Amino acid sequence: MVNYDSDALLDFPKAKDASRPQRINNFIAILRQLTPRFFHEMQLVADYINVIGHENVSSDPSMNVANQKYLALLSDYVCSKNPIELYTLMLGLLNHQLMMGSELEDAYISDLVDKHIA
């Protein structure tokens, strides 16, 4: 899935060449791309964790690859200095939308992202 997400961003500027507003828009584009499938992906992740055991998540190769690819995606397109914070923010926003039953407004997301990019 992460490779698909990277391919969908080919027309977007990389963080090193992008203005601050463009990097914020890149974050929103990534978030919007993940939103429709997030619930089902989290169900799969929860089922997978039940199989491997919560205590093994941090050492599981599949979990590590997925996390590293999302961190790289955020680093490449949003900010290379704070990818962990941005990943945490992205997962929190995706969960927030899921729990609210609706998408968050771009202006709200922009304000939050702006605080986490250098």
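The values are calculated or read from the model by the stated rules, or taken from the named source; none is laboratory data. Computed from a predicted model, the values in this text were never measured in an experiment. Cβ placement follows ideal geometry from the backbone for every residue including glycine, while neighbour counts extend to all protein chains displayed. In case anyone asks, the SASA skips ligands and DNA or RNA and just uses the protein heavy atoms, side chains included. Shrake-Rupley method; radii C 1.70, N 1.55, O 1.52, S 1.80 Å.
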Report summary line: Asserting the computed 222 nm helical MRE of the chain (DSSP H runs at least 4 long, -39500 (n - 2.57) per run, divided by residue count, to nearest 500) equals -24000 deg cm²/dmol
Report summary line: In whole percent, the fraction of accessible protein surface over the chain that belongs to carbon or sulfur atoms, probe radius 1.4 Å, stands at 57 percent
Report task. Can you give me the three principal axis dimensions of the chain from its C-alpha atoms, in Å, biggest first? Result -> 43, 30, 24
Report task. Between GLU103 and PHE12, take the C-beta separation as r, use R0 = 22 Å, and let me know the FRET efficiency to the nearest 0.05. Result -> 0.70
Report summary line: To the nearest Å², the heavy-atom accessible area per residue of the chain with 1.4 Å probe amounts to 60 Å²
**Report entry** Loop-exposed trypsin sites (Lys or Arg not before Pro) per DSSP, neighbour cap 15 Cβ within 10 angstrom, longest uninterrupted part of the chain
**Finding:** 15-80
Report task. Calculate one ³J(HN,Hα) per residue across the stretch 72-83 by plugging θ = phi - 60° into the Karplus curve 6.51 cos²θ - 1.76 cosθ + 1.60, and present them in order as whole Hz with x for glycine and proline. Result -> 5, 4, 5, 5, 5, 10, 10, 6, 7, 8, 9, x
Query raised in the report: Using θ = phi - 60° and the Karplus form 6.51 cos²θ - 1.76 cosθ + 1.60, what ³J(HN,Hα) does each residue of the stretch 24-31 get, whole Hz, x for Gly and Pro?
Result: 5, 4, 4, 4, 4, 4, 4, 4
Query - Dipole in debye (nearest 20) - the chain, about Cα centre, beta carbon charges: Lys, Arg +1; Asp, Glu -1 - result: 320 debye
Report task. Just need the relative contact order of the chain here, percent rounded to a whole number, with Cα pairs under 8 Å and 6+ apart. Result -> 36 percent
Query raised in the report: So which lysines pass the test for LYS16, namely a Cα distance under 17 Å, with those fewer than 8 places away in the same chain ruled out?
Result: LYS81
Report task. Identify which of ALA46, ALA72, ALA15 has the largest mean-square fluctuation in a Gaussian network model of the chain, with springs joining Cα atoms closer than 10 Å. Result -> ALA46
Query raised in the report: Between THR88 and ASN67, what length comes free when the chain is fully extended (0.36 nm per residue of separation minus the Cα-Cα distance, one decimal in nm)?
Result: 6.5 nm
Query raised in the report: What relative contact order, as a whole-number percentage, does the stretch 53-118 give when Cα pairs under 8 Å and 6 or more residues apart are counted?
Result: 30 percent
